[in-house]
Amino acid sequence: MKHTKLFTAAAAAMALAAVLMTGCGGGGDKKAATASSNANTKVKGDVMVYTSIYPDILDKLCKPNVAKELPNLKVTWFQGGTEKVKTKIAGEIKANKVGADVLMVADPSYYLYLKNKGLLLNYKSPNLKDVIADKDPDGAWTAVRINNMIIAYNPDKIKKEDIPTSWADLTNPKYKGRIAMPNPMLSGTAYVAVGALADKMGWEYFDKLKANGLRVEEGNSAIQNKLLTGEYMAAMILEENILKLQETKHEPLKVCYPKEGCIIINSPIGIFKSTKNAEGSQAMVDWWLTKEGQQAVTAGWMHSVRGDVEPPHGAPKLSTLLPNAIKIDWNKLANEEAQIKEQFRVRVMDK
C-alpha cells in the first residue's frame with residue numbers, strides 16, 4: 001500500500017521540528033474567524049463520536065468547546081479505551097452497522113486497517129494546511145493530538161542514583177518487582193509502545209522485563225498511585241498522565257524522556273464512510289484542527305499537531321523530542337496486531 005510512508009518518523013521529525021523552530025504565523029484573521037463562526041451555526045443534525053480521550057478531559061474540554069463552536073450540532077460521545085472502541089467497531093462492522101460518524105482513538109495503525117477496508121471517508125479539511133504532523137494523502141485521517149509514551153518515577157521515593165534515564169534501565173535488577181506498564185490488550189498507546197520497543201530492542205527486551213518482575217496494570221490510575229506510594233520505582237506511562245498530576249495535584253512525579261527515544265504517537269481523527277451527516281462530521285474535524293481546537297488538546301496535557309500552539313504545561317517543545325524518537329512501523333502494527341499481542345502475552349503475561 002502506498003500510504004506506508006505516512007508514518008515515517010524521520011520525515012515527520014524534520015517537518016515538525018522545522019516548523020516549530022522557525023515559528024508559524026499566529027495573528028489570526030478576525031474576518032475569517034467570524035465567517036467560520038457563522039458557518040458553524042449552520043451545521044445541524046446528529047453526530048456520534050467514538051473516542052479514547054479520557055472521560056474527565058472529554059467532559060471538561062471536549063464537550064463544552066464543541067457545543068460552543070457547533071451550537072446546532074447534536075453530538076453524542078462514546079468513550080472507552082482504544083481497544084474497547086476497536087472491539088465495539090469490529091462487532092458493528094460484522095453487523096454492517098457502524099454506529100460512529102467520527103473516530104478519535106490513539107492507535108494510528110487502526111486507521112490504516114480501516115482505510116484498507118474502505119471504511120473511511122476521504123475529506124481534506126481546509127485546516128490541514130496548518131497540520132504539521134502525519135496525515136493521509138487522500139484525507140482518510142489526520143493526526144489530531146500527539147501522545148508520548150515515557151517513563152515516570154517519583155524522586156521522593158527513590159535515590160537520585162536510581163532515577164531512570166533509559167528504557168534499558170528498566171531491566172536493571174535494582175528495579176526488580178517495582179516496574180509497571182499499562183496492558184497493551186486494553187490500551188492502544190501501550191500496544192504501540194510494545195510494537196515499537198520490540199522492533200527497537202528485540203522481543204528479548206520483554207523477556208528481561210518479565211524476569212525483572214514487570215507488572216502489567218489495567219489502567220493508569222493504579223500505576224500513578226503505586227508510583228506515589230513508592231511501590232513502583234518506575235513505569236511506562238503516557239506523558240499526559242504525569243503532566244496532569246504535576247499541575248492539578250502538585251504531585252512529585254517526574255518524567256524521564258528515555259535516551260533511546262520517546263514513543264511519539266500521532267493519534268488521528270477520521271470519518272466513517274457510512275456517516276449519515278457528512279457535513280456535521282466534517283465540521284467536527286475542521287474545528288479540532290483549528291488553533292482553538294488544538295489549544296483544547298494541549299489544555300488536556302497532550303501535544304498539538306500544529307506548530308503555532310504551545311506545548312502542554314510542563315512539557316518540552318515536541319521539536320526537542322522528535323529527532324531522537326523511536327521509529328514506529330505503523331503498517332506492521334496494523335497488519336500483525338494479533339501476532340504482536342500474542343508475543344507479549346506469552347512472553348510477559350503468561351505465568
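Within segment 44-59, restricting attention to residues that are among the charged types (D, E, K, R) and in contact (Cβ under 8 Å) with a residue 12 or more places away in the chain, the residue that is nearest to Leu186 (Cα to Cα) is Asp46.
Residues that are among the small types (Gly, Ala, Ser) and either surrounded by 16 or more Cβ atoms within 10 Å (Cβ to Cβ) or in contact (Cβ under 8 Å) with a residue 40 or more places away in the chain (or both) were ranked within segment 75-109; the one that is nearest to Val285 (Cα to Cα) is Ala100. Cβ-Cβ contacts under 7 Å between residues 6 or more apart (or on different chains), taken from a first residue in segment 330-351 that is over 30 Å from Asp134 (Cα atoms) to a second residue that is outside any helix (DSSP H, G or I), are listed as Arg347/Trp203; Val348/Leu214; Val348/Val216; Met349/Val216.
Do the conditions hold for Thr290, that is, is it surrounded by fewer than 24 Cβ atoms within 10 Å (Cβ to Cβ), closer than 23 Å to Lys60 by Cβ and either at pLDDT below 95 or not assigned by TED's automatic domain parsing to the domain that holds Leu238 (or both)? Considered against the rule, which asks whether it is surrounded by fewer than 24 Cβ atoms within 10 Å (Cβ to Cβ), closer than 23 Å to Lys60 by Cβ and either at pLDDT below 95 or not assigned by TED's automatic domain parsing to the domain that holds Leu238 (or both), Thr290 comes out as yes.
Is it the case, given these coordinates, that Ala299 is at pLDDT 95 or above, outside the structural domain of Tyr50 (by TED's automatic domain parsing) and small (Gly, Ala, Ser)? Judged against the criteria, Ala299 is not a match.
Within segment 261-274, being surrounded by 19 or more Cβ atoms within 10 Å (Cβ to Cβ) and over 30 Å from Gly195 (Cα atoms) holds for no residue. When you check Ala299 against the structure, is it among the small types (Gly, Ala, Ser), touching a residue at least 60 places away in the same chain (Cβ under 8 Å) and either surrounded by 15 or more Cβ atoms within 10 Å (Cβ to Cβ) or under 27 Å from Ile179 (Cα atoms) (or both), yes or no? When the stated conditions are applied, Ala299 does not pass them.
At least 1 residues being polar (S, T, N, Q) and modelled with pLDDT under 50 is the threshold, and among the helices (runs of 4 or more DSSP H) wholly inside segment 1-95 those reaching it are 9-22, 30-41.
A quick yes/no check of all residues on (1) in a helix (DSSP H, G or I); (2) of a type in the set (Val, Ile, Thr); (3) buried (at least 24 other Cβ atoms within 10 Å of the Cβ):
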position	(1), (2), (3)
Tyr111	yes, no, yes
Asn122	no, no, no
Ile146	no, yes, yes
Pro155	no, no, no
Leu186	no, no, no
Thr189	yes, yes, yes
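Please count how many residues of segment 124-134 are surrounded by fewer than 17 Cβ atoms within 10 Å (Cβ to Cβ) and within 22 Å of Leu333 (Cα to Cα). Counting residues in segment 124-134 that are surrounded by fewer than 17 Cβ atoms within 10 Å (Cβ to Cβ) and within 22 Å of Leu333 (Cα to Cα) gives 0.
The values are calculated or read from the model by the stated rules, or taken from the named source; none is laboratory data. As the structure is a computational prediction, the values presented were derived from the model and not from experiment. Note: ideal-geometry Cβ built from the backbone for every residue, glycine included; neighbour counts use all protein chains shown.
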